[in-house]
Every structure is written in C-alpha cells, then in structure tokens.
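What follows is a short report on a single structure.
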Amino acid sequence: MTDPAAAYEELKAAGLKLDLTRGKPSAQQLDLSHELLGLPGAGQFRAADGTDTRNYGGGQGLPELREIFAPSLQVPVGQLVAWNNSSLELMHDTLVHALLTALPGAPTRWVDAGRVAFIAPVPGYDRHYGVCERLGIDLVTVPMTADGPDMDEVERLVAEDPSIKGIWCVPKYSNPDGAVYSDEVVRRLASMPTAAPDFRIMWDNAYAVHHLTTEEVEIADVLTLAAEAGNADRPFVFGSTSKITLAGAGVAFFGASQANVDWWLKLASKKTIGPDKVNHLRHALFLKDAAGLRAHMAAHRELIAPKFAAVDRLLTEAFSDVEGVSWTKPRGGYFVSLTVPDGLASEVVRLAKEAGVVLTPAGATHPYGKDPQDATIRLAPTLPPLDEVEKAMAGVVTCVQLALARR
Ligand code: PMP
C-alpha cells in the first residue's frame, strides 16, 4: 500500500475542487424534465374538469396531478393536497400550524402545551432538525436500524412522556442511510400507545419512487394501518417532485386523514388563495400518469445508479477488509452513509476539505450538528458528473486512510 501521508500530499497537489455535500439532482437529471419549461404552452390552461388554472382557488390542488401521485404516496386522492414547490416548507408550516392551532384530537395547541419534543432517529436529515430547532421543539434521538428506528426505544419513550408529540420518519431509502422501514416497524409506529393524544408521525416519503435498482421497493401503508389501529389522525404524509422534475420548481404534497386535511386546508387558506395550479397542470401534462412517472424515474436511475456503483466500488477496493469502516448500499434515494471508527468523521471531513473535496459537515446527520460518536459521513454522489464522483471518492478514500494511519 502507498504511504497514506504521501498519497494525501499528492491529492492536495492535484488542486481538486469537488463537492459531495448536498443531495441535488445533476444538470443531466434536470434535463430529463426540459419539456416542462415549455408547458402547459400558450393557450393551454384548462384542467381536465375545465378549471382555469390561471385563476385563484382550487385549494387542494389539481385532481389529475393528485391522481398520478396518490398511489406512490399511498394516500387516497381525496385526502391528498398538491401544493407549491417544497415539502420542507409544508413540514415547517404544518408544525407552525400545530403550535398555533390545536390539531384534531389535541387538548391544546402546542404553544400552550409546555415542552414539545420530537423523536429524531439518527442518523437523519439535518433540515428536519433545523425546523424543530427553529420552532423550539426539542429533539430526542433514537438509533436507526436497517429496518427503521429502534422501535423498542420509540415505544418506551412515547408511552411514558406526553411531551413527545411526534417523530420524524423517512420511511423509504432514508436520508442518509438508505434504510427501508419494515412492515413490522410501520405497523408498530401506526399502532403504538402514546401518552400524547395528539402524537403525529412526520412521514416524509421524499424518495417514494427513487429506486436505484430494478426492484421497486414497497413499504407498508401507514395511513391505512393507523386507521385500522384507531389512530387515523396520527400520520402526516409528505412528498414532492423536487427529485423527480425540477428541484426548485416542482410540486409538494401533503396527505393525512380527512380531519387533518380539513384542519390543514382551513389554516392554509389564511396564507394563500390557492397553490400554483399552472405548475400542477404542466406536471400532469408532462408525467401523464403513474406509468409515465415510473418511466421517468427509470431514466433518472440510469443516470445516477452508475455514480452510486462508483462510490461502492472505490470503498470496497479500499476498505472491504478494514475493521471499523463500513458503508450503506442503498437500493434507492440520494445518499450513502459512510461509517468510520469513532472520533474520525470530522477529521476525515477536514482533511478532504483541505484537499479540495467538500463533504457534508460531520455531525450534520445528528440534531444540533453533534454526532456523539463522530463516526458518520454522508456522501451525496448525484450532483457531480461520474468522473468527478470517482475523483472525489478516491480523495475520500485517501483521507480515511490517512486518518486511520494517524490514529
Ligand atoms: N425530505 C428529505 C428526506 C430530503 O432529503 C429532502 C431534500 N434533500 C427534502 C425533504 C426536501 O424536499 P423539498 O425539496 O420538497 O422541500
């Protein structure tokens, strides 16, 4: 093996400027939706039911677009809202609504409830934590497993503490570890007894159709399971087309029980006289139906699967028999989670940065930016072209090898 320090000096001398930080679609992926920029087209503004999409109104969003997304988000069309471009905004606003106006089944609005806390499975998505940090909602961590959150721990926490009002879940191809919630985990989340009567599951199904293999992984239907268990109001389902069409100009969705949707639409009507239905129409015209959506996602897969394969190949070549270094092999989604021996993640990120390879800050996968083990590094390979992913990963390998050698 080459001397890690010499390899690192060589890496620095190469003067790289590469970025594996955020899960953004590449320009090529955005090009798959280039037709959207010309839609709905001059003179085309009527929805299937004759609605003039240019005007105000239609608070729940265009039915033909909701029909396309209802099956993959596992929400009945009538209980699905199509909104503006960001699901993160929907999650933020929904929690603001819950703070200011009592939820169906809530004894009080959350600002009057004293402490409000959410469970954050870790590693997880930094922007979920950011919403809670901003709104004064405490975060209580539980470990993730390959099948979803550690449910023994979740059940214990929610059973005894009424201030725990919710849990963050990315149930399919989770950010960052690619986990897929097992049917058993979904059933336990939907049916577990909670001390808080107004407990909510933030079901962020951001990667519902983002398969990296030809296997289209299915998860259990949380809304149906919750209703069957007598907890119909428990799940709030979110999703968006940010990584399907245009990340900055897509459509976000909210789905829940009828009581929750009625509560939500009433509050949403205070802040807007309706979502961007022209955008809904052009998305419906572009994707056409659920089959069109599947075909479109297959085209994404062809572009990004080779990048994930490159990450896996370079890590396997370097670390297949190195104790303490492991990584996920996601079947979908946007991330690979690299685990290094405790205490080394921030050193690897620092070394990489010095050599011109920017990684997501170590700790970002944990609340308040603090990974107590300092062991998790999130890799996001979709944005750079394949040759840059390969160069960046070769650099990451060198940095991990140097950090291990210096230990
Ligand atoms: N949820 C998860 C789990 C994500 O990874 C992302 C994007 N990185 C989002 C939500 C953001 O979605 P949107 O663009 O719809 O706000």
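Residues that are of a type in the set (Lys, Arg) and not in a loop (DSSP other than H, G, I, E, B) occur in segment 258-280; there is at least one.
Condition check ((1) charged (D, E, K, R); (2) in a helix (DSSP H, G or I)) across all residues:
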site	(1), (2)
Leu303	no, yes
Asp312	yes, yes
Ala318	no, yes
Gln373	no, no
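Please determine whether any residue of segment 301-314 is free of Cβ contacts under 8 Å to residues at least 60 places away in the same chain and either in the same structural domain as Leu135 (by TED's automatic domain parsing) or more than 19 Å from Gln29 (Cβ to Cβ) (or both). There is at least one residue in segment 301-314 that is free of Cβ contacts under 8 Å to residues at least 60 places away in the same chain and either in the same structural domain as Leu135 (by TED's automatic domain parsing) or more than 19 Å from Gln29 (Cβ to Cβ) (or both). In the set Thr51, Thr21, only one residue is of a type in the set (Val, Ile, Thr) and closer than 30 Å to Thr360 by Cα; that residue is Thr21.
Rundown of residues vs (1) at pLDDT below 95; (2) of a type in the set (Phe, Trp, Tyr); (3) out of contact with any Lys or Arg (no Cβ under 8 Å at 6 or more places or on another chain); (4) within 16 Å of the ligand (Cβ to nearest atom), yes/no style:
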{"residue": "Tyr173", "(1), (2), (3), (4)": "no, yes, no, yes"}
{"residue": "Val180", "(1), (2), (3), (4)": "no, no, no, yes"}
{"residue": "Phe199", "(1), (2), (3), (4)": "no, yes, no, no"}
{"residue": "Ala206", "(1), (2), (3), (4)": "no, no, no, yes"}
{"residue": "Leu212", "(1), (2), (3), (4)": "no, no, no, yes"}
{"residue": "Ala226", "(1), (2), (3), (4)": "no, no, no, no"}
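Here the condition is being surrounded by 21 or more Cβ atoms within 10 Å (Cβ to Cβ), closer than 26 Å to Val170 by Cα and touching a residue at least 24 places away in the same chain (Cβ under 8 Å); of Leu11, Leu103, Leu32, it holds for Leu103 alone. Between Phe236, Phe286, the distinction of being among the aromatic types (Phe, Trp, Tyr), in contact with a strand residue (DSSP E or B) (Cβ under 9 Å, 6 or more places away or on another chain) and at pLDDT 95 or above belongs to Phe236 only. The residue of segment 376-395 that is farthest from Phe335 (Cα to Cα), among those that are crowded, with 22+ Cβ neighbours inside 10 Å and touching a Leu at 6+ places or on another chain (Cβ under 7 Å), is Gly395. When segment 249-287 is filtered for residues that are farther than 22 Å from Asn55 by Cβ and acidic (Asp, Glu), only Asp262 remains.
Per the conditions (1) part of a strand (DSSP E or B); (2) farther than 24 Å from Leu265 by Cβ, the sole criterion not satisfied by Gly166 is (2).
On inspection, Ala249 qualifies as within 14 Å of the ligand (Cβ to nearest atom), under 29 Å from Val278 (Cβ atoms) and hydrophobic (A, V, I, L, M, F, W, C). Taking the criterion of being within 17 Å of Met144 (Cα to Cα) and either of a type in the set (S, T, N, Q) or not assigned by TED's automatic domain parsing to the domain that holds Ala13 (or both), the residues of segment 345-387 that qualify are Thr365, Gln373, Thr376.
Scan segment 341-356 and tell me whether some residue there is of a type outside the set (Val, Ile, Thr), touching a Cys at 6+ places or on another chain (Cβ under 6 Å) and closer than 18 Å to Thr21 by Cα. Yes, because at least one residue in segment 341-356 is of a type outside the set (Val, Ile, Thr), touching a Cys at 6+ places or on another chain (Cβ under 6 Å) and closer than 18 Å to Thr21 by Cα. Identify the residue in segment 373-405 that is touching an Asp or Glu at 6+ places or on another chain (Cβ under 9 Å) and without any contact (Cβ under 8 Å) to a residue 60 or more places away in the chain and, among all such residues, is nearest to Thr141 (Cα to Cα). This residue is Gln373. Is there a residue in segment 52-66 that is in the same structural domain as Trp263 (by TED's automatic domain parsing) and within 20 Å of Ala298 (Cα to Cα)? The answer is yes; a qualifying residue exists. Which of the residues that make up segment 106-121 are surrounded by fewer than 18 Cβ atoms within 10 Å (Cβ to Cβ) and within 16 Å of the ligand (Cβ to nearest atom)? Once the filter is applied, which keeps residues that are surrounded by fewer than 18 Cβ atoms within 10 Å (Cβ to Cβ) and within 16 Å of the ligand (Cβ to nearest atom), segment 106-121 yields nothing.
The values are calculated or read from the model by the stated rules, or taken from the named source; none is laboratory data. Quantities reported herein were computed from a predicted structural model and do not represent experimental measurements. We place every Cβ from the backbone using ideal geometry, glycine too, and count neighbours over all the protein chains shown.
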